[in-house]
1. Ignoring everything except DSSP H segments at least 4 long, calculate the 222 nm mean residue ellipticity for the chain; use -39,500 (n - 2.57) per segment, divide by total residues, nearest 500.
2. Solvent-accessible area per residue for the chain at a 1.4 Å probe radius, Å²?
3. If I compute solvent accessible area with a 1.4 Å probe over the protein chains, what percent of it on the range 42-91 is carbon and sulfur?
4. In the chain, what % of DSSP beta bridges are antiparallel (nearest 5)?
5. Based on DSSP H assignment, which helices of the chain show an axial Cα extent of at least 27 Å together with a mean Kyte-Doolittle hydropathy greater than or equal to 1.0?
6. How many percent of the accessible area of the range 109-233 is carbon or sulfur, using a 1.4 Å probe?
7. If you take the beta carbon distance between Leu227 and His159 as r and set R0 to 30 Å, what does 1/(1 + (r/R0)^6) give as a FRET efficiency, to the nearest 0.05?
8. Over the chain, calculate the relative contact order: mean separation of alpha carbon pairs under 8 Å at least 6 apart, over the residue count, as a percent.
Amino acid sequence: MIGWPISHSLSPRLHGFWLKQFNIDGVYLPIPIRPNDFEAKIKSLSQNGFAGFNVTVPHKETAYKFVDTLTETAREIGAVNTIVCHEGGCLAGDNTDAFGFISNIKTTVPSWKPDLSSALVLGAGGAARAVVSALRAEGVDEIRICNRTRERAEELEAHFGNLNVVDWDTRNDACEGVGLLVNTTTLGMVGKPPLEINIDQLCDDAVVNDIVYAPLETDLLKSAKILGYQPVDGIGMLLHQARPGFEAWFGQRPEVTDELCAHVLAGLGHS
Ligand code: ATR
């Protein structure tokens, strides 16, 4: 895992669990790399026997420009979070956040039907791009995008096309007719301001997903529960997005289990 800073990353704990489970003689290391050192460092690491890397803030866009090949999803999202080192030194870039997001929704709420209602995405950063990419691939008809800075939402619209940009101030009303609400902003996270939204206009059986996982049960998810919606917390996205990388590097297909979830959450101080 490459990032800056990196000390709070849960990924070494997550991959460490699977390495032990499959009895694989390998390691997954947190490697701090300063913003300007990415290209030189990744080159030398890839020549030194690493099977691949996860890439996090602030390197995802640099990695996108640096790798030799890109998957369709990475291209669509415009960022790389997973690199596979192939023989001969070729670096293949992927983005597994969209997979992580949609796998989390589908395994938590198997009854969710993408083609029955609209989706509302709060935020317009990298995470929102991954969510929109996944929703598009699932065939969600209408996607509303709502961000404090409207221009960023419009950039997403220009990139993906056919998104409905709605003003941040109208987010309560934008919930009407929505069967899936996703918070990709940092609001509600420990140390950040709360997410202020009234969600009582969502469809009756709406799925409410917060990709924030610290705290695990955000105020948004608490409200969703009280109003009878289907809450989906954010830790599942982190766990699922790790699966394709692990499989590519170590040749085993890992699963997300309650035991894994408890192990990773213990790294956040939950027991
Ligand atoms: P990431 O790439 O992980 O999605 P990001 O690009 O920093 O992270 O995006 C964070 C999101 O949280 C943005 O949509 C941001 O809104 P702006 O584009 O207006 O900055 C949103 N966000 C952060 N603080 C916010 C606040 N106080 N009120 C509303 N939205 C906020």
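The values are calculated or read from the model by the stated rules, or taken from the named source; none is laboratory data. What you are looking at is a predicted structure, and each value in this text was computed from that prediction instead of being measured. Here Cβ is always computed from backbone atoms with ideal geometry, including for glycine, and neighbour counts include all displayed protein chains. Just so you know, the surface numbers come from the protein's heavy atoms only, side chains and all, with ligands and any DNA or RNA stripped out. Shrake-Rupley method; radii C 1.70, N 1.55, O 1.52, S 1.80 Å.
1. Numbers: 11 runs with 101 residues, N = 271.
Using -39500 (n - 2.57) per qualifying helix, the result is -10500 deg cm²/dmol.
2. Details: 13180 Å² over 271 residues.
Per residue, the chain has 49 Å² of solvent-accessible surface.
3. Numbers: 1240 of 2570 Å².
So the carbon and sulfur contribution to the accessible surface is 48 percent.
4. Working: 7 of 32 bridges.
Percentage antiparallel, nearest 5: 20.
5. Working: long enough: none.
Span-like helices in the chain: none at all.
6. Values: 2660 of 5830 Å².
Percent of accessible area from carbon and sulfur atoms in the range 109-233: 46.
7. Numbers: r = 33 Å, r/R0 = 1.09.
Rounded to the nearest 0.05, the efficiency is 0.40.
8. On the way: 501 pairs, mean separation 43.8, N = 271.
Reported as a whole number, the value is 16 percent.
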